[in-house]
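Down below is the structure, laid out as structure tokens.
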Amino acid sequence: MSSAPGIYRGRFAPSPTGPLHFGSLVAAVGSYLDARTRNGEWLLRIEDVDTPRNVHGAADSILATLEAFGFEWDGQVLWQSSRLDAYGAALERLVQAGLAYPCACSRKEIGDSARRLAVDGGLVYPGTCRNGLPPGREARAWRLRVNDEETGFADRLQGWQAQNLTRDVGDFVLRRADGLFAYQLTVTVDDEFQAISDIVRGADLLASTPRQIWLQRCLGYATRRYAHLPVVNNAAGEKLSKQTLAPALEIRRAPAALTAALRFLGQAVPAGLDAAPLPEIWQWAHAHWSFAAIPQRQSSVPGNLP
């Protein structure tokens with residue numbers, strides 16, 4: 001896929017691990033309105049390659065909920081499960097360039113030898129297999145070499161962000177020990193394939209962005225523009241998710257949920273709009289959307305969940 005220079009192309013890319021919840025809605029609303037109010041396109045991708053986490057029927061539920069809430073996406077939905085050959089080709093390019101290498105380490109072995117926590121809460125990979133597999137060991141995963149230098153970017157909302165990938169993450173996984181392609185590879189390859197110009201998503205993915213930028217450089221891709229929205233937390237300070245038992249969005253309460261998402265994103269929603277029909281709410285949102293009004297914090301607890 002390709003787009004003309006200067007065309008804004010955004011995307012929403014849920015994983016079918018459960019139904020959409022209020023946190024998902026906030027991310028969708030932010031990316032959708034940023035695209036539409038800049039005369040851009042908004043694409044939809046279902047990130048379903050992590051098959052052990054997929055929930056039967058969740059993808060259909062996600063599509064039906066988005067449609068019922070009034071979202072309109074451009075083109076066909078892209079399913080990552082149809083893109084395995086593309087991920088394999090990208091990995092092979094990195095291998096042939098000497099940028100990716102096989103790793104025999106188990107999670108326990110990494111835990112025993114690593115001494116630092118990575119920025120995402122995991123362990124910094126100590127580079128055990130960087131110069132070749134230990135004698136008698138077979139490859140379990142494939143990793144990407146990183147450099148001991150700063151990888152940074154100017155986030156449109158959160159400001160300047162930077163990591164030293166060697167210190168903060170280590171060489172990271174492109175293909176897992178179970179044979180599945182890792183998130184960092186699939187999302188990077190698909191953003192290039194779909195010619196995505198702007199990525200607007202939750203700040204829970206902020207720490208992943210330097211890895212994706214590094215991978216973009218290794219593959220010769222353009223770097224995207226990023227904006228990381230505040231993440232919705234529950235009363236216990238936990239991110240809303242399937243793991244924290246976030247309730248599914250209710251289509252019958254779509255107007256209240258949509259206006260609550262707009263308020264969470266700092267928009268000056270007038271009183272009574274939550275009782276209006278969905279088309280009227282969207283009309284107001286398109287006319288009054290203000291990116292500058294979005295809070296710069298990385299997470300927040302809403303006053304009450306819709």
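Please determine whether any residue of the stretch 37-58 is closer than 26 Å to Asp168 by Cα, outside any loop (DSSP other than H, G, I, E, B) and without any contact (Cβ under 8 Å) to a residue 60 or more places away in the chain.
no
Quick one: which of Ala276, Ala292 is surrounded by fewer than 19 Cβ atoms within 10 Å (Cβ to Cβ), within 23 Å of Gly202 (Cα to Cα) and either touching a residue at least 60 places away in the same chain (Cβ under 8 Å) or in the same structural domain as Gly23 (by TED's automatic domain parsing) (or both)?
After ruling out the rest, the residue left standing is Ala292.
Taking only pairs six or more apart or across chains, which ones have beta-carbon atoms under 7 Å, a first residue in the stretch 94-107 that is part of a loop (DSSP other than H, G, I, E, B), and a second residue that is at pLDDT 95 or above and not basic (Lys, Arg)?
Close Cβ pairs satisfying both conditions: Leu99/Leu144; Leu99/Cys218; Ala104/Cys129; Cys105/Cys129.
Condition first: within 23 Å of Leu78 (Cα to Cα) and part of a helix (DSSP H, G or I). Can you find one or more residues in the stretch 218-230 that meet it?
Yes, because at least one residue in the stretch 218-230 is within 23 Å of Leu78 (Cα to Cα) and part of a helix (DSSP H, G or I).
Does the stretch 9-26 include one or more residues that are assigned to a loop (DSSP other than H, G, I, E, B), surrounded by fewer than 19 Cβ atoms within 10 Å (Cβ to Cβ) and not charged (D, E, K, R)?
Yes: the stretch 9-26 contains one or more residues that are assigned to a loop (DSSP other than H, G, I, E, B), surrounded by fewer than 19 Cβ atoms within 10 Å (Cβ to Cβ) and not charged (D, E, K, R).
Only one of Ala195, Ala203, Ala207, Ala177 is of a type in the set (A, V, I, L, M, F, W, C) and in the same structural domain as Leu99 (by TED's automatic domain parsing). Can you tell me which?
Among Ala195, Ala203, Ala207, Ala177, only Ala177 is of a type in the set (A, V, I, L, M, F, W, C) and in the same structural domain as Leu99 (by TED's automatic domain parsing).
Among what's in the stretch 193-222 and is over 22 Å from Asp34 (Cβ atoms) and aliphatic (A, V, I, L, M), pick the residue that is surrounded by the fewest Cβ atoms within 10 Å (Cβ to Cβ).
Restricting attention to the stretch 193-222, the residues satisfying the condition of being over 22 Å from Asp34 (Cβ atoms) are 211, 214-215, 217-220.
Filter again for aliphatic (A, V, I, L, M), leaving 215, 219.
Numbers: Leu215: 23, Leu219: 17.
Selected residue: Leu219.
The values are calculated or read from the model by the stated rules, or taken from the named source; none is laboratory data. This structure is a prediction, so every number in the text was calculated from the model and none was measured. Methodologically, a virtual Cβ is constructed for each residue, glycine included, from the backbone with ideal geometry; neighbour enumeration extends over all protein chains shown.
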